[in-house]
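A short write-up of the structure that comes next.
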Amino acid sequence: INAEYGGKIPVQMTTNFFFNDLGKSAKDLFKKGFPVKNLVEHELNVKFASGLQFQGTATKNAKGRIVTGVTHTIPVTGYPLQLVVNALQDPSKGITGKLVYQATDLAGLKIWIGANVAHSENLNKAPLPKRHVTFGAEYRHAHWATSGFFKYILDAPKSRDRQPVVGGNVAVSYNQFSAGAIIENRLAIEDENNELTKYGLTFDYRMDPTLTLTAYLLNERDEEHESAPPKQILGLSAFKRFIDFELATDVSYDLNTPGDENPVTLNVGGAFHPHIDTTLRLKFDTTAKTGVSMEQALNKNSSVTLGMELDPSSSKSAKFGVSLNLNY
């Protein structure tokens, strides 16, 4: 979590964005700045004059597992490219690595290859984690951007989990309007058929630099609950920036909600900056799930965030977390 000094959240740009950037200002108020999923988070970012960048993370999650990761950005002398090497170690998921080729003479183009392998802690446990290799590319233009990927599964306990996955997204912008689409599909293998696992449409309208309205449709299957029907959500969100305050609301309707459950969900989130180095955040929804946090910049290079989340519907009704961020 990176501190925003001066109490400002960057204005969403009309160029050089991707599908996930549509409606991002509102989504960030609901998701970022609440370090409650993990008990302790540490992040270190170091940049050198030569262009070399290093990022290290260490997290202790609610189950007591330590998750670590490192990222190196290395300029290649004499060639118009950069290499980004990323590695993440998670005892529950294995080791994930990623190598990114970024052309500096063709701005906006990135090509990457990623892989996941099993960690020794998982080898004696069933089911085995999915080991995979992913190839992808992305390109940013002045008024549109696109990206795509192909994931090849090396091994998995179920034939469905061995299906290769292909996906992509595109986003376009014109004046105050932006729109995007995303799709993911499992390819047919053995006795498994093609399966459309995710698709969505999003529309943004920026009424002025401080107010953005977003409408979206998202159909996505829950990979952890294969028998459950996919979520098909229609939603509308709004983001408004004031001088020292940001406010976001989101109303969504799940078309596949069972008849005995409420299909409508309302989320409200806000961030208040009482001081240039302090940010207070609050969020809540119609299920009475509430989150609060305080982020304090210790100096120009570091900040600490304390968070708490209350969920009456969960057996663990209260969660706490702390995050430390260092930038050099």
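The values are calculated or read from the model by the stated rules, or taken from the named source; none is laboratory data. For clarity, every value in this text was computed on a predicted model and none was experimentally measured. Positions of Cβ are backbone-derived with ideal geometry, glycine not excepted, and every protein chain shown enters the neighbour counts. Ligands, DNA and RNA are excluded from the accessible area calculation, which covers all protein heavy atoms including side chains. Shrake-Rupley method; radii C 1.70, N 1.55, O 1.52, S 1.80 Å.
Ordering Lys47, Lys283, Lys231, Lys24 from largest to smallest accessible area (1.4 angstrom probe), what's the sequence? Numbers along the way, then the final one.
On the way: Lys47 140, Lys283 40, Lys231 115, Lys24 70 Å².
Descending order: Lys47, Lys231, Lys24, Lys283.
Heavy atoms only, 1.4 Å probe, whole protein assembly: order Trp112, Trp144 by accessible area, highest first. Intermediate values should be presented prior to the final figure.
On the way: Trp112 45, Trp144 95 Å².
Final ranking, largest accessible area leading: Trp144, Trp112.
Taking R0 as 35 Å, what FRET efficiency do you get between Leu154 and Gln53 from their Cβ-Cβ distance, rounded to the nearest 0.05? Working shown, then result.
Details: r = 30 Å, r/R0 = 0.87.
Computed FRET efficiency for Leu154 and Gln53 comes out at 0.70.
Between Leu213 and His72, what is 0.36 nm times their sequence separation minus the Cα-Cα distance? Round to one decimal in nm.
Numbers: separation 141, 0.36 × 141 = 50.76 nm, distance 3.65 nm.
Result for the pair: 47.1 nm of gain on full extension.
Can you compute the FRET efficiency between Thr257 and Ala181 using 1/(1 + (r/R0)^6), with r the Cβ-Cβ distance and R0 = 22 Å? Round to the nearest 0.05.
Working: r = 24 Å, r/R0 = 1.09.
Computed FRET efficiency for Thr257 and Ala181: 0.40.
Pairs exceeding 22 Å between alpha-carbon atoms, taken from Lys24/Lys47; Lys289/Lys319; Lys98/Lys319; Lys198/Lys319: Lys24/Lys47; Lys98/Lys319; Lys198/Lys319. Backbone phi angles across the range 195-210, fed through the Karplus curve with coefficients 6.51, -1.76 and 1.60 (θ = phi - 60°), yield HN-Hα couplings of 9, 7, 8, 7, 8, x, 10, 9, 10, 10, 9, 9, 5, 7, x, 10 Hz in residue order; Gly and Pro are listed as x. Estimated at 0.36 nm per residue, the fully extended path between Leu326 and Leu83 surpasses their Cα-Cα distance by 85.2 nm. The label point for Leu282 and the one for Ile189, both projected 7 Å from the Cα toward the Cβ, are 5.0 nm apart.
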